[in-house]
């Protein structure tokens, strides 16, 4: 599976995240909670709830490009409510 960055997503990372951390989390995290999502216009995507190698919980939104390739359109540390939901999911895996 290949990933490419939407330029605005890479330039707007916050919370101390780096593009390398996000890519490593997508490639190497032992557990990823993947959910189908749709934009307001109905375009399909995936939300990936995972952890960076340092253990920071992050949310990444991907847009399918065809085949197994995806574009990263958003990546950020999870909010406290998201962390709570993610930790509950992790506990049940």
Item to complete: Hey, can you tell me all the residues within the stretch 20-33 that are surrounded by fewer than 12 Cβ atoms within 10 Å (Cβ to Cβ) and either touching a helix residue (DSSP H, G or I) at 6+ places or on another chain (Cβ under 6 Å) or modelled with pLDDT of 95 or more (or both)?
Response: 20
Worksheet item: touching a helix residue (DSSP H, G or I) at 6+ places or on another chain (Cβ under 9 Å) and closer than 29 Å to residue 92 by Cα - does that describe any residue in the stretch 6-16?
Response: no
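One line per residue, one yes/no per condition, for (1) surrounded by fewer than 18 Cβ atoms within 10 Å (Cβ to Cβ); (2) under 13 Å from the mean Cα position of the chain (by Cα); (3) touching a residue at least 60 places away in the same chain (Cβ under 8 Å):
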| position | (1), (2), (3) |
| --- | --- |
| 12 | yes, no, no |
| 18 | yes, yes, no |
| 40 | yes, no, no |
| 46 | yes, yes, no |
| 52 | no, yes, no |
| 56 | yes, yes, no |
| 59 | no, yes, no |
| 69 | yes, no, yes |
| 76 | yes, yes, yes |
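The values are calculated or read from the model by the stated rules, or taken from the named source; none is laboratory data. Treat the numbers as computed from the prediction; the structure is a model and nothing was measured. Backbone-built Cβ (ideal geometry, glycine too); neighbour counts: all protein chains shown.
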